[in-house]
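**Q** My questions all concern the structure below.
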Amino acid sequence: MKILPFLTGLLLYALAFCSAAAPQNPGALGQRPLLPLPKAEEIKANCEKEIAQARAQFEHIESGKDKRNIFTAMNALNIFIEDKAGPYEILANVSPDKATRDAADDCTVKYSPFGTDIFQSEKLYRRIKAAKTTNLAQASYKKDLLEGFEDSGVSLPKDKRQRVKDINEKITNLAKDFERNIREDGTVVSFTERELEGVPKSVIDKAKRDAQGNIVLTLAYPEYLPVVENARQEASRERMWRAKQNEGGSKNLALLDEISALRQELATIYGYPDYAAFSLRRKMANDSKTVMDFLSSVRKAVADLEKKDIEELRAFKAEMEKTPLAQTRVNRWDSAYLQNQLKRARYNVDQEALRKYFPTEASVRYMLRLSETLYGIKFNEAKVPTWHPDVRYLDVSDATTGRFIGGVYLDLFPREGKYNHAAVWPVRNASALLGRTPIPVLVTNLNRDGLDQNELETLLHEFGHALHGLLSTAQFNAQAGTSVKRDFVEAPSQMFEEWARREEPLQFFAQVCGPSCPALSKEQIEQLDKARKFGRGIRYMSQWSYAMLDMALTHNRADADAMAAWKRIQGQTALGYVDNTIFPAGFGHLVGGYAAGYYGYMWSEVLALDMLSAFGDQMLNPQTGRKYRDLILAQGGEKAPQVLVETFLGRKPNSTAFFKEITGVR
């Protein structure tokens, strides 16, 4: 569950979260912008031409021949690159045609050196530095642009500037290879029907069969999770779990280590001790000590709780399997299954049974109606060209004025070659300066037959990112929507997950769903909440270990390589490291925009849970929703997150709710 920028590395600062599309100033809905959907040959034919066109615009601005205000000119350049390059990033991850995915992937890589050229231009740097600002939006944009120049090495000697460019281009190429290896891993696991005893019949009935009649399952979550959460045979759970842990393959370990070494070299060129120090100075946390202290406080809060959770699961397993407690062991592939079984027994909560309460189509309607109720907007589905028949498109307008706000694509179900997690691509960012409307793309891999509560949370989480982009009123494109500090970007999405848990919104879900699905009672919702609180120690120690791995590769680089770091870090958790698994090979966050930033998931959750307090017991209050829309979602990156949150809450934020949440007492 993550939000993905278009280009990695230094280009992130100026080209921010790249996007795509067609005409601006849509006016009537019939003039809506849409994403172009080029095929492989068209991408190959146009890529170099489009980069040349973008370069010509850049040189026109650089030379001073462009007489527009420099900030207006840079905004226009950013938008031009979005419109040309943005569609390639999303198509590289969702197109059903492999040739198109490959061509799109190849083209996005070619933009990296051009991005560095922009921000190594001394002429352009001097122009922007000398430019007078006339409003707060310009001042904020100027600050971001200058930081982009500084981070691209504009002040470095010429030979070091060239090395920075080479490193960033190399990292972009390696990261693309890493992500492609995960996306197109293709691993399948075969089982007999007996080996899948306990797995929902709907999963087995839809699965492919091999020549021997065995059931063939992929690592996509709608097939992976039902096995590790429900298969009664431990051997079956272990096979599926190990396959997922090895996703991406050993070749990705080599790519990851090379990326880590290049990042370290990059930091050294700038005079910083490591990449974390270089990167964190632009984030809310500001420095490595703050991050490490935060992670230490998380570990201190949940380490004993994790051990308690494991001991409860061990006792439950011994009782269930009639084995002596002393001889009973909980393995990593047991955790999800045992938690599932314990919650059924202790709280009468069966996640699989929840699918009838959360039908998939009704869940999507709920997501949309909830957004309409809270934020004063309207969604209208429209038939437009898409990259796959499953994909849907919706126009978004203001409920009061009817003003067209933007559009959103929903690509909800798994298929071969598609990105196999959940994410939002902010493919086209807004710019109020030009009346430019946004288009985010929501990509998930949902179960068509209904969602469990975790999947409903995931759906709302990712749509929170989409709303952040849709409701932006930032003046400049590179500051719109989710173009915020990386350790704040998850906060709005994490807050939105709460609407999958509380009684008031879940009763609203039943209204949206109508007579076609049963409604959860107050007692059932209370039991769901109790069940959700079990396993907090396991969950947050996992989050701690992921964040510590990220920091080990970018800050404390004492370990020889990613696997050495992972073995050491996971070895500090209650279940330890499992031999012959290579989790870092499939951990895409490490090569994307979350380098020295994965801690941001929990850091953002601190702010998310604090902001949630503004809603109190009125989760559907449109006045609070509108206030949140205007003071948080609309602002994008124009103001510092600390300022936004303090303005919304009317006080300084605190971490009380977060630490109650991670210890299971909220």
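The values are calculated or read from the model by the stated rules, or taken from the named source; none is laboratory data. What you see is a predicted model; the values in this text were computed from it and never measured. Neighbour counts are summed over all protein chains in view; Cβ atoms, including those assigned to glycine, are modelled from backbone coordinates with ideal geometry. For the accessible areas, the whole protein counts, side chains as well, though only heavy atoms, and no ligand, DNA or RNA atoms are used. Shrake-Rupley method; radii C 1.70, N 1.55, O 1.52, S 1.80 Å.
**Q** Mind pulling up the Rg/Rh value for the chain? Radius of gyration and Kirkwood radius, both on Cα.
**A** Using only Cα positions, Rg/Rh for the chain is 0.95.
**Q** Where nothing but the Cβ of Lys and Arg (+1) and of Asp and Glu (-1) is charged, how large is the charge dipole of the range 221-356 around its Cα centre, in debye to the nearest 20?
**A** Once rounded to the nearest 20, the dipole reads 280 debye.
**Q** Here's something else I'd like to know. Would you mind classifying the range 83-138 by shape? Square roots of the alpha carbon gyration tensor eigenvalues, ordered a ≥ b ≥ c; an a/c under 1.5 is rounded, otherwise it is prolate if a/b is larger than b/c and oblate if not.
**A** Taking the square roots of the gyration eigenvalues as a ≥ b ≥ c, the range 83-138 is oblate.
**Q** Around LYS652, under 11 Å between beta carbons, what's the net of Lys plus Arg minus Asp minus Glu among the other residues?
**A** -1
**Q** Oh, and also: Using +1 on the beta carbon of Lys and Arg, -1 on that of Asp and Glu, and nothing else charged, what's the dipole of the chain about the Cα centre, debye to 20?
**A** Taking the Cα centre of the chain as origin, the dipole is about 1180 debye.
**Q** Write down the accessible area per residue of the chain in Å², having rolled a 1.4 Å probe over the full set of protein chains.
**A** 38 Å²
**Q** Here's something else I'd like to know. For the Cα atoms of the chain, what angle does the longest principal axis make with the long axis of helix 536-554, in degrees from 0 to 90, nearest 10?
**A** 40 degrees
**Q** A follow-up question, please. Please compute the modelled spin-label separation between ALA519 and GLU265, points set 7 Å along Cα→Cβ, answer in nm with one decimal.
**A** Here the modelled spin labels are 6.4 nm apart.
**Q** For a quick check of your reading of the filter: which trypsin sites (Lys or Arg not before Pro) in the range 249-346 sit in a DSSP loop and have no more than 12 other Cβ atoms within 10 Å?
**A** Here the trypsin sites (Lys or Arg not before Pro) that fit, given the DSSP loop and packing criteria, are LYS322, ARG329.
**Q** Say R0 is 25 Å: what FRET efficiency, to the nearest 0.05, do GLU504 and GLU147 get from their beta-carbon distance?
**A** After rounding to 0.05, the efficiency reads 0.05.
**Q** Can I ask one more? What does the extension gain come out to for LYS356 and LEU37, with contour length at 0.36 nm per residue minus their alpha carbon separation?
**A** Taking 0.36 nm per residue and subtracting the Cα distance, the gain is 111.3 nm.
**Q** Between ARG626 and ALA560, what is the label-point separation in nm under the 7 Å Cα-to-beta-carbon projection?
**A** Computed distance between label sites ALA560 and ARG626 equals 6.3 nm.
**Q** Quick one: Cα centre-to-centre distance for the range 301-340 and the range 601-666, in angstrom?
**A** 35 Å
**Q** Could you tell me how many degrees, from 0 to 90 and to the nearest 10, lie between the Cα long axis of helix 158-183 and the main elongation axis, the longest principal axis, of the Cα atoms of the chain?
**A** 30 degrees
**Q** Once the Cα atoms of helix 288-321 and of the chain are each reduced to a long axis, what angle between those two axes, in degrees from 0 to 90 to the nearest 10, is obtained?
**A** That helix lies at roughly 20 degrees to the long axis.
**Q** Does the range 359-439 come out rounded, prolate or oblate, given a ≥ b ≥ c as the square roots of the eigenvalues of its C-alpha gyration tensor, rounded meaning a/c under 1.5 and, failing that, prolate meaning a/b above b/c?
**A** oblate
**Q** Evaluate the Debye formula for the range 608-666 with equal point scatterers sitting on the alpha carbons, no solvent, and hand back log10 of I(q)/I(0) at q = 0.26 Å⁻¹, in q order, two decimals.
**A** -1.10
**Q** Counting Lys and Arg as +1 and Asp and Glu as -1, what is the net charge of the other residues whose Cβ lies under 13 Å from the Cβ of GLY402?
**A** 0
**Q** Hey, any idea what % of the chain's accessible area is carbon plus sulfur with a 1.4 Å probe?
**A** Reported share for carbon and sulfur atoms: 50 percent.
**Q** Additional query: Given a cut-off of 29 Å, name the pairs among LYS308/LYS567; LYS142/LYS378; LYS44/LYS485; LYS65/LYS158 whose C-alpha atoms lie farther apart than that in the structure shown.
**A** Too far apart for the 29 Å limit: LYS142/LYS378; LYS44/LYS485.
**Q** Moving on to the next point. Sum up the charges of everything whose Cβ sits under 11 Å from the Cβ of ALA73, counting Lys and Arg as +1 and Asp and Glu as -1, but leave ALA73 out.
**A** +2
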